[in-house]
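K.L.:
One structure is given below, represented as structure tokens, and several questions about it will come after.
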Amino acid sequence: MCGVCGCGDGEVRIGGKPAHKSHSGHDHSHQHHHEAGSATVNSDGGDQNRWLHIEQDILSKNDRYAEDNRARFNELEVLALNLVSSPGAGKTSLLTATAEAIGGAPHMAVIEGDQETENDAERIRATGVDAVQINTGRVCHLDAHMIGHAMDELTLSAGTVLFIENVGNLVCPAAFDLGEHHKVAILSVTEGEDKPIKYPDMFAASDLMILNKTDLLPYVDFDVERCVEYARRVNPQIAVLQLSARNGEGMEDWLAWLANASDRLTTPVRQRPVVQVNA
Amino acid sequence: MHELSIAQNLIELVSEHASQEGACRVRTIRIRLGELSGFQRALYFCFERVAQNTVCEGARLEIETVPLTLHCGTCNDTRRPSTRYSFRCCECGMPASEVVTGREMQITAIEFGFAGTDVPAPDLSSKHERLTAARQIN
């Protein structure tokens, strides 16, 4: 682990290499944040023990890295999406289907997050898309600092959509801002319609919920209407799309959502129509 | 177990403050957690483990829980949700999605100990006592 910033902690590897070898000579195109932050500090006196009263966000370091990432995305005019789901919901299949529909580089790039293996990045690269794999080791989520390093490995240009496939986990990734423009929660119809209320933090933090594997709806007891109602109970604004990455049903709505989100990124705020990204 | 990462972030920040203050140990850390912050009480156990061999070892963690409140546009007031994770006003039942409080994850106070101190640290060796002490401030 890097003794100065803590990056490279544990067994994190990016593109098969340790996240940090040593602090002297490692490259960053993002800033390191070692300062204590902008906390308001008031000390009380005391002879032996002393209280320090502050207001400092516990994830302030992650949040500052996330802000750096967001600034880089905006400067590059790259739409960044953080895809979150439980393991096996079909994130990688959705990405390979998306790659087939919109083409590889420069239209899209992918950061893959898994505890181990390069399998998902290899599946993405097989479609002609630039992908970098982050192996988080024992860590159950991606954080903003890992994303800053992974971006250095990718060629990003104006109009690229960067998909960040988070570790399959419906709990932990909700707490960590990566600097993305939208979190997209993917739920497959084989999982049960009550996931949004069982794991409310994730659905509360997402702007879009994709119901995947709709080709299996005739074979499973999944109540779509109830699932949407549960999702809106924890997030009244959440947009919902239904699709099957396997047979392509509903993919055009997803591509339209992507195009709309990308347009919103490059349209100055004052020119944007006052409508939601999607209903 | 993202509480482990949260505990690491917490201890890193507190250790920086301890270093700036010239403190040799940290006795107490007070944090404020919103109901929506995604934290669980498992943080206590992660904290204890991550604090080992740091200036925070043996420190007491006190957690203040901040309830979820929403701005209800219909009542034009701050309200509690009708039920847990329901973003509807408890009074009029209309949707209210603007969170006023409940997302907090903040350090609010740190008690430092300095060399030469002869005041013993509170004896909170068992998890039960530590949890009881933390609940008393809620």
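K.L.:
Which aspartates and glutamates have a Cα lying under 13 Å from the Cα of A:Lys61, excluding residues fewer than 8 positions away in the same chain?
P.N.:
A:Glu35, A:Asp143, A:Asp177, B:Glu12, B:Glu16
K.L.:
Grab the other residues whose beta carbon is less than 13 angstrom from that of A:Leu243, score K and R as +1, D and E as -1, and report the net.
P.N.:
-1
K.L.:
Using amide H atoms built in the peptide plane, which far-off residues or other-chain residues are under 5 Å from A:Ile134 H to H?
P.N.:
Here A:Gly15, A:Glu112, A:Gly113, A:Asp114 satisfy the definition.
K.L.:
In addition: Check which residues have an amide H placed less than 5 Å from A:Gln56's amide H, if you skip close sequence neighbours.
P.N.:
B:Ile107
K.L.:
Per residue, what accessible area does segment A:174-255 have, given a 1.4 Å probe and all protein chains present, in Å²?
P.N.:
On a per-residue basis, 41 Å².
K.L.:
Excluding ligands, DNA and RNA, what is the accessible area buried between chains B and A, summed over both sides, using a 1.4 Å probe, to the nearest 100 Å²?
P.N.:
In total, this chain pair buries about 3400 Å².
K.L.:
Restricting to Cα atoms and excluding each atom paired with itself, what does the Kirkwood estimate give for segment A:64-111 in Å?
P.N.:
After inverting the mean inverse Cα-Cα distance, the result is 12.4 Å.
K.L.:
What is the spin-label model distance, in nm, from B:Asp77 to B:Thr101 if the labels are put 7 Å beyond Cα along the C-beta direction?
P.N.:
Each label point is offset 7 Å from its Cα along the Cβ direction, giving 1.6 nm.
K.L.:
Sequence neighbours fewer than 8 away in the same chain don't count; with that in mind, list the aspartates and glutamates whose C-alpha is under 20 Å from A:Lys198.
P.N.:
Candidates past the 8-residue exclusion: A:Asp207, A:Asp221, A:Asp223, A:Glu225, A:Glu229, B:Glu3, B:Glu35.
K.L.:
Separate question: Roughly how many debye, to the nearest 20, is the charge dipole of segment A:77-268 about its Cα centre, given +1 on each Lys and Arg Cβ, -1 on each Asp and Glu Cβ, and no other charges?
P.N.:
260 debye
K.L.:
Output ³J(HN,Hα) for segment A:205-220: one whole-Hz value per residue in order, computed from phi by the Karplus curve 6.51 cos²θ - 1.76 cosθ + 1.60 with θ = phi - 60°, and x for Gly and Pro.
P.N.:
Per residue, the Karplus-derived 3J(HN,Hα) values read 8, 9, 8, 9, 10, 9, 8, 9, 6, 5, 5, 8, 3, x, 9, 10 Hz.
K.L.:
How big is the accessible area of A:Glu153 in square angstrom, nearest 10, if you roll a 1.4 angstrom probe over the protein chains?
P.N.:
90 Å²
K.L.:
Turning to a different aspect of this structure: How much solvent-accessible surface does B:Met94 expose, in Å² to the nearest 10, with a 1.4 Å probe and all protein chains in place?
P.N.:
90 Å²
K.L.:
Which loop-located trypsin sites (Lys or Arg not before Pro) does segment A:63-160 contain, where loop means any DSSP state but H, G, I, E or B and the Cβ has at most 15 other Cβ atoms within 10 Å?
P.N.:
A:Arg138
K.L.:
Let me ask another. Send over the Kirkwood Rh of segment A:77-268, from the inverse of the averaged 1/r over different Cα pairs, rounded to one decimal Å.
P.N.:
Radius from the Kirkwood sum: 16.6 Å.
The values are calculated or read from the model by the stated rules, or taken from the named source; none is laboratory data. Worth saying up front: this structure is predicted, and the values here are computed from it rather than measured. For neighbour counting, all protein chains shown are included, and Cβ atoms are generated from backbone atoms with ideal geometry for every residue, glycine included. Accessible surface is based on the protein model in full, side chains and every heavy atom, while ligands, DNA and RNA are left aside. Shrake-Rupley method; radii C 1.70, N 1.55, O 1.52, S 1.80 Å.
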